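Below you'll find the structure, written out as structure tokens, and then a few comments.
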Amino acid sequence: MDRLTLQDWGIDPATFNADDAWDLSDVARSGLIPGREAGKRICLQTVQRYANRKKGCRPLGPAGPRLVLPAILQGHKHKTMKAWVELFRKKALEVEAAGSDASPRPRTEQQAKAGHKRAMANLAKEGFAAATKG
């Protein structure tokens with residue numbers, strides 16, 4: 001999902017209408033994508049990150065899929081359509097709902113050993129004698 005195109009979203013680029021197009025600032029003001037806190041609007045920088053193909057939105061955290069807000073670069077600004085924003089929000093909610101039952105991925109043996117080593121080093125740095133053994 002790292003390189004989504006409009007067709008991947010099921011969007012026909014011919015439906016883009018420059019007269020009805022929204023800047024990303026319009027998306028932030030619209031309230032179609034809620035902010036982190038209830039009743040708060042999303043900030044423009046977050047909407048810009050969602051439209052960035054390299055960053056996007058990860059509703060399930062770093063291990064989850066990456067969703068990118070469908071947008072077209074027109075001049076030097078990203079433009080989108082209200083229907084595209086609604087589709088993005090719907091897809092994000094679907095991913096959140098589907099992943100809410102998923103358990104986190106277990107760490108590999110190498111990750112577990114590295115985590116243990118870091119924890120022991122932190123304990124030793126704090127002066128815990130037991131951390132120097134083992």
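No value in this document is a laboratory result; all are computed from the given coordinates. Source: prediction; values computed, not measured. Ideal geometry is used to build each Cβ from the backbone, glycine not excepted, and the neighbour counts take in all protein chains shown.
Structure notes:
- Sparsely packed trypsin sites (Lys or Arg not before Pro) within the range 1-97, loop by DSSP, other Cβ within 10 Å at most 13: 3, 36, 40, 53, 54, 55
- Arranged from fewest to most other beta-carbon atoms within 10 Å of their beta carbon, 78, 116 become 116, 78.
- Contact order, relative form, for the chain: 21 percent (alpha carbon pairs under 8 Å, 6 or more residues apart, mean separation divided by residue count).
- Residue with peak Gaussian network fluctuation, the chain [Cα springs, cutoff 10 Å], from 98, 38, 112: 112
- Most fluctuating residue given options 73, 93, 123, as computed from a GNM of the chain linking Cα atoms under 10 Å: 123
- Equivalent ellipsoid semi-axes, the range 7-99, via Cα gyration tensor eigenvalues times 5, rooted, Å: 21, 16, 12
- Per-residue [θ]222 nm for the chain (sum of -39500 (n - 2.57) over DSSP H runs n ≥ 4, rounded to 500): -11500 deg cm²/dmol
- Stretch in the chain that is longest and holds no GluC sites (Glu not before Pro) that DSSP places in a loop and that have at most 10 other beta carbons within 10 Å: 38-125
- If R0 is taken as 30 Å, the Cβ-Cβ distance between residue 116 and residue 58 corresponds to a FRET efficiency of 0.65.
- 12 Å beta-carbon shell around residue 24, net charge (K/R +1, D/E -1): +2
- Among the listed pairs 55/82; 40/113; 55/113, a Cα-Cα separation exceeding 31 Å is found for 40/113.
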